[in-house]
Amino acid sequence: MILQELYAYYNRMRDTPDSGIALPGFSPRKISFVLVIDAKGKLLEVQDIRDTSGKKPRPISLMVPEAVIKTSGISANFMWENSGYVLGLDEKGKPERTQQTFEAFKARQHEIGDAVDDPGIIAVLRFLDSWNPGKRPSDVAWEDVIGSNLVFRLSSERRFVHERPAIVKAWLRNHVQTSYATKAMCLITGKEAVIIPLHAKIKDVRDAQTGGAAIVSFNRDAFCSYGKEQNFNAPIGEEAAFAYTTALNHLLRSESRQRLQVGDATTVFWTERASPLEDFLGNMLDPRADAAVGSADAKQVSDYLVAIRDGKKPEMIEDDTMRFFILGLAPNASRVAVRFWYSDTVEAVNRHIGRHFSDISLVKQFDRESEFPSLWQLLISTATLGKSENINPTLAGPVMRSILEGFPYPASLLSTVLERVRADHQISYHRAALIKGVLKRNFKNEEVTMALNEGATSVAYRLGRLFAVLEKAQEEAIPGANATIKDRFFGSASSTPSVVFPQLIRLSQHHLAKLGEGAKIHKEQLIQSILDGVDATKGFPAHLRLEDQGMFALGYYHQRKSFFTKKEEKQPVA
């Protein structure tokens, strides 16, 4: 199913003008330098074409003749390669092997190019035949070039040599001639096709091997059946294999707007046909991705999210019956493992995402915060030190599934958030939103509201409000204090109220005594109105369950926010 949908996506993108997806026989590769030569093959310049817009220069993606699938042997590409192959220069400390790679590259260019009457290929062959690594020019920063991928360009032209029409024709002719001979039924297309033993590597999966990893692989005898070897155990036609690997690498490229990171899972998504959801989902779940490449119009995204949160069909979606796909990949040695796979209609995805934003909808702590916090912002609030590498991978994937499939949030989500609150004593907007979402969806708590609910009967919620009032009284009585009761008592107050609150109420009398008459009366009335909802005959609860600890934290957040919200600005609780 996964490979079939990737195959279908490739065919759609191939027929889409300016999609940038590779055609058969070609593939995008990261290129850093260009060897500029004249018609006689003399090296005139080593041109640096890396992208320097960031902190460090980065190679750019160019469409080049399709890469060979390398194992442990020596295999050369056509008209591009790394410096070890093209120039006989590397830092691997094996000069004999480096010379062998250079000779293999030269032989490969002669194999295809000797029969081609083209000035470009003739110049490249002359360069390779005369090149001596030991007599390389001294005015080039070779330390930057070594290890990088290189292409060629004639000094009289702006296009690269591999883009010249005669060379393209020669490459495609050779590419077809070197196809494999084994034929069988292709598992993707269901038709008889030429089967290939190895598929192109999948690149840009975070923490996977830098050279790429396989998603379909049989490299041990234990994996094979009926005497078949390698990928003949899962026969996929040459054309279909190229299509699914090219489609997946296209989605995974660094500038892709259909790629995001969910914990340790590099995630890509697409729709059956062109849809605005392909542009918007990355912004919804991880705004950092779109920020790097130019996000969709902010108002369109906002209108889209408001519509689905309110249970309406977005105006820009004409057909919401088409299928939507999301694929999560994680590294696994020399392979890529499928972390999760999800498929549903666009209508269902919109409904589930809209329900998620409705569940976590909450009055913002600061105006600059987003009304629709992204998945990354929510997950980072659960991570130690607020670092993305500390996001629990066993939490990220299930949260993603909960959002997309409408399932209850992971059972560990509430405990994880509360653990971080107890550790750093911060109840941020994103943490409070997660707490609200879990209480509303998982525990079906009807008293969970967007803003302060003064009529809530939950004792835990009222105690959270009370704690916020006592803290505010302390802050006003002792301005600039290095620590408040939150820093010392929040964890115990939210778990064992009967132990802490009698002490806090006694302490509050000293704080209230230092306030002005008006502020003192207001605080005393507020404390009394909150305590009126606590059964005096039972006293403070000895222990609070996990759900009640969440209500405590939410009550604290709501009451704190209420202190800094003008009456005319206060939002409805629903």
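The values are calculated or read from the model by the stated rules, or taken from the named source; none is laboratory data. Values in this document were obtained by computation on a predicted structure and should not be read as measured data. Cβ: placed from backbone, ideal geometry, glycine included. Neighbour counts: every protein chain shown. Each accessible area value is taken on the protein alone, full model and side chains, heavy atoms only, with ligands, DNA and RNA left out. Shrake-Rupley method; radii C 1.70, N 1.55, O 1.52, S 1.80 Å.
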Sequence ranges 134-145, 409-420, 40-51, ranked by mean other-Cβ count within 10 angstrom, highest first
409-420, 40-51, 134-145
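How much length is gained on full extension from Ala542 to Arg159, taking 0.36 nm per residue of separation minus their Cα-Cα distance?
Working: separation 383, 0.36 × 383 = 137.88 nm, distance 7.67 nm.
Length gained between Ala542 and Arg159: 130.2 nm.
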At q = 0.17 1/Å the base-10 log of I(q)/I(0) from the Debye formula over the alpha-carbon atoms of the range 473-558 is -0.81
Please compute the contact order of the range 447-574 in relative form: average sequence separation of alpha-carbon pairs under 8 Å and at least six residues apart, divided by the residue count, as a percent.
49
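Is the shape of the range 170-246 rounded, prolate or oblate, going by the alpha carbon gyration tensor and its root eigenvalues a ≥ b ≥ c, with a/c under 1.5 for rounded and a/b larger than b/c for prolate? Each step should come with its number before you reach the end.
On the way: a/c = 1.79, a/b = 1.10, b/c = 1.64.
The shape class here is oblate.
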Could you tell me the distance between the Cα centroids of the range 295-330 and the range 115-173, to the nearest Å?
46
Using a 7 Å offset from Cα along Cα-Cβ at Asn132, what residues in the range 11-47 end up with backbone N under 15 Å from the label point?
43
Given an 8 Å cut-off on Cα distances and at least 6 residues of separation, report the relative contact order of the range 1-127 as a percent.
21
Heavy atoms only, probe 1.4 angstrom, no DNA, RNA or ligands counted: give me Asp367, Asp279 ranked by accessible area, highest first.
Asp367, Asp279
For Phe564, tell me the accessible area in Å² from a 1.4 Å probe, rounded to the nearest 10.
130
Could you tell me what percent of the accessible area of the range 106-192 is made up of carbon and sulfur, with a 1.4 Å probe and every protein chain present?
49
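Using a 1.4 angstrom probe on heavy atoms only, work out the carbon and sulfur share of the accessible area of the range 200-345 in %. Write out the running numbers ahead of the final one.
Working: 3000 of 6510 Å².
Carbon with sulfur: 46 percent of the solvent-accessible area.
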For the range 319-448, state the semi-axes of the equivalent ellipsoid (square roots of 5 times the eigenvalues of the alpha-carbon gyration tensor), sorted largest first and rounded to whole angstrom.
25, 21, 13
Can you list residues whose amide H is under 5 Å from Ala184's amide H, if they're 5+ apart or on another chain and H is modeled 1.01 Å from N?
Ala193, Ile195
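Calculate for the chain the 222 nm mean residue ellipticity that helices alone would give, adding -39,500 (n - 2.57) per DSSP H run of length 4 or more and normalising by residue count, nearest 500 deg cm²/dmol. Display every interim value, and only then the final one.
Details: 20 runs with 248 residues, N = 574.
So the helix-based figure for the chain works out to -13500 deg cm²/dmol.
With only alpha-carbon pairs counted, each pair once and no self-pairs, how large is the Kirkwood hydrodynamic radius of the range 1-77 in angstroms? Don't skip to the answer; put the middle values down first.
Working: mean 1/r = 0.0637 Å⁻¹.
Taking the inverse mean of 1/r over all distinct Cα pairs, the range 1-77 comes out at 15.7 Å.
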Just check the range 246-400 against the gyration tensor rule for me: Cα atoms, a ≥ b ≥ c as the square roots of the eigenvalues, rounded for a/c under 1.5, and otherwise prolate or oblate depending on whether a/b exceeds b/c.
oblate
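Counting alpha carbon pairs within less than 8 Å and at least 6 residues apart, what relative contact order, in whole percent, applies to the chain?
Worked out over the chain, it gives 10 percent.
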Per residue value of the accessible surface for the chain (all protein chains in place, 1.4 Å probe), Å²
48
Is the range 424-503 rounded, prolate or oblate when judged by the Cα gyration tensor, a ≥ b ≥ c being the square roots of its eigenvalues, rounded requiring a/c under 1.5 and prolate requiring a/b larger than b/c?
prolate
